Amino acid sequence: MLEKDTTGLIVVDIQGKLARLVHDSEFFISHCEKLIKAAQTLALPIIYLEQSPDKLGSTIEEVHSLLAPLEPIEKFTFNACENTKFIETVQAKSPVTSWLVCGIEAHICVYQTARGLLDLGYDVHLVSDCISSRTLVNKQLGITALQNKGVTITGLEMCLYELMKDCRAPEFRSVLSLIR
């Protein structure tokens with residue numbers, strides 16, 4: 001089970017035109033916004049990534065504005081775990097042992113980064129309605145491959161209710177207003 005004190009969020013490459021071209025992009029972006037706002041309400045550490053921003057563009061404004069004043073970690077490898085700055089940032093978020101992962105593309109950067117986190121010994125939870133790829137087939141491929149490797153597949157509401165645990169949690173009403 002996810003615990004607030006040991007869970008963080010990694011936002012992978014929600015950038016430029018690609019963010020608008022992925023399967024069901026409006027739904028995807030809307031759900032990522034809700035996840036980020038809820039993570040902030042729950043005081044979870046957040047790390048966000050940008051893949052080759054000079055080529056793909058910056059994080060889309062809807063997401064970037066939520067994450068300010070955080071700075072994105074720029075990467076060129078598809079697996080963020082091959083980036084020293086990312087690894088140092090992840091390790092500095094102690095006592096985080098579980099990472100929620102959202103972003104694009106499910107079968108490339110999300111897949112490889114989640115695998116990398118798993119290989120480092122982290123408990124990885126893929127937020128299935130907060131990831132996408134250009135095609136639904138590739139999104140499903142990413143989910144299936146990660147599930148087969150031991151990544152936990154969750155959803156926006158599922159992970160948030162798991163983190164809150166109780167309707168008497170002080171954040172419950174705020175989080176509920178985001179997802180309803």
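The values are calculated or read from the model by the stated rules, or taken from the named source; none is laboratory data. Given the structure is predicted, the values throughout are model-derived calculations rather than measurements. Please note: Cβ atoms are built from the backbone with ideal geometry, for glycine as well, and neighbour counts cover all protein chains shown. Please note that ligands, DNA and RNA were not included when accessible areas were found on the heavy atoms of the full protein model with its side chains. Shrake-Rupley method; radii C 1.70, N 1.55, O 1.52, S 1.80 Å.
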Name every residue in the range 96-129 that is over 19 Å from Met1 (Cα atoms), in contact with a strand residue (DSSP E or B) (Cβ under 8 Å, 6 or more places away or on another chain) and of a type in the set (A, V, I, L, M, F, W, C), in order of residue number.
Ile104, Ala106, Cys109, Val110
Keeping to the range 152-173, report how many residues are surrounded by 15 or more Cβ atoms within 10 Å (Cβ to Cβ) and in a helix (DSSP H, G or I).
10
Residues of the range 78-107 that turn out to be within 26 Å of Phe28 (Cα to Cα), open to solvent by 50 Å² or more (accessible area, probe 1.4 Å) and among the β-branched types (Val, Ile, Thr), as a count
1
In the range 105-134, what residues are outside any strand (DSSP E or B) and in contact (Cβ under 8 Å) with a residue 40 or more places away in the chain?
Glu105, Cys109, Val110, Thr113, Leu117, Ser133, Arg134
For the structure I just gave you, tell me whether Leu44 is closer than 21 Å to Ser128 by Cβ, in a loop (DSSP other than H, G, I, E, B), open to solvent by 10 Å² or more (accessible area, probe 1.4 Å) and hydrophobic (A, V, I, L, M, F, W, C).
yes
Identify, by number, the condition in (1) modelled with pLDDT of 95 or more; (2) assigned to a loop (DSSP other than H, G, I, E, B) that Leu49 doesn't meet.
(2)
Of (1) within 15 Å of the chain's Cα centre (by Cα); (2) open to solvent by less than 50 Å² (accessible area, probe 1.4 Å), Gly57 satisfies all except one. Which?
(1)
